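Okay, so here's the structure we're looking at.
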Ligand SMILES: NC(=O)c1ccc[n+]([C@@H]2O[C@H](COP(=O)([O-])OP(=O)(O)OC[C@H]3O[C@@H](n4cnc5c(N)ncnc54)[C@H](O)[C@@H]3O)[C@@H](O)[C@H]2O)c1
């Protein structure tokens, strides 16, 4: 595993997102809210989706209060029928979709066994549901998906959270496997933070990643507020394996 130059520092200048539509899951708080606010500040209409409608409503209202376009929608990303209803509403209200940020990713200290299924459903299946439901809409005019994983999914720490590690590792591999969607004009990339820290800094990197037209199927590690691209992350152990 090896880091390359900061992919965001080398990114092209930010451009306006006027007439673009962005969907942010987990947009009611933390990093998701910051991404929603950043997209809106750049001119996008934003759909703030969250399992907690009150939180989503506050973020959407604050965006509208500054002159932006935003709506709040309650959605549990683990429930595919709710995700289908979400995408349906996005297209009805805004006529299309350009950027998707899969940010909803709950975790529980210690990953109690009783919650494994829920943690994997919300993190990994949720990301898959949103991606699957969004593809048909995104490919109409081309777009980007940014999945939020965690460095725990790349083998760094969090051994006390096995379900979370498994789900985030799945998101990393899902991202790489969806590289082929670039042929449908959809770029899928992933950002894997250790600690998010300042949400505005993280949001700048996440939105910058969505706008990298040369990136598809890539994984960006986010550590200490700095992004670096992971290269050669695909199973290095396999390549170094020894006969038993
Ligand atoms: N905070 C960190 O330091 C950190 C570190 C590594 C990875 N991450 C990942 O980054 C992302 C954002 O982290 P955060 O700390 O800002 O998140 P957060 O804990 O603030 O929660 C984000 C939002 O997701 C919503 N949510 C939870 N379950 C949902 C579901 N099933 N459907 C829809 N919405 C749901 C919550 O209501 C919340 O508003 C997550 O994917 C997280 O796993 C965070």
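Miscellaneous remarks
- FRET efficiency for residue 52 and residue 16, using Cβ-Cβ distance with R0 set to 22 Å, rounded to 0.05: 0.15
- Estimated from helical segments only, the mean residue ellipticity of the chain at 222 nm is -11500 deg cm²/dmol, where each DSSP H run of four or more residues counts as -39500 (n - 2.57).
- Residue order, fewest to most surrounding Cβ atoms within 10 angstrom, among 35, 135, 186, 63: 135, 186, 63, 35
- Sites residue 156 and residue 92, calculated FRET efficiency, Cβ-Cβ separation with R0 35 Å, nearest 0.05: 0.25
- Remark: the stretch 18-239 is approximated by an ellipsoid whose semi-axes, taken from the C-alpha gyration tensor as √(5λ), come to 25, 19, 17 Å, largest first.
- Neighbour counts of other Cβ atoms within 10 Å put 109, 121, 29, 45 in the fewest-to-most order 109, 29, 121, 45.
- Note on residue 114 and residue 85: the extension gain reaches 7.6 nm, defined as 0.36 nm multiplied by sequence separation minus the Cα-Cα distance.
- Rounded to 10°, Cα long-axis angle of helix 53-65 versus longest principal axis of the chain: 60
- Helix 126-141 vs. the chain, principal-axis angle (Cα, 0 to 90°, nearest 10): 60
- With neighbours defined as other Cβ atoms within 10 Å of a residue's Cβ, the residues 129, 115 order from fewest to most as 115, 129.
- Of 147, 224, 102, the residue with the greatest mean-square motion in the GNM of the chain, using alpha carbon springs below 10 Å, is 224.
- Shape call, the stretch 115-210: gyration tensor on alpha carbons, a/c limit 1.5: oblate
Each value in this text was obtained by applying a stated rule to the coordinates, not by laboratory testing. Note that the coordinates shown come from a computational prediction; the quantities given were computed from them, not determined experimentally. Because the Cβ atoms are built from the backbone with ideal geometry, glycine has one as well, and the counts that use them run over all protein chains shown.
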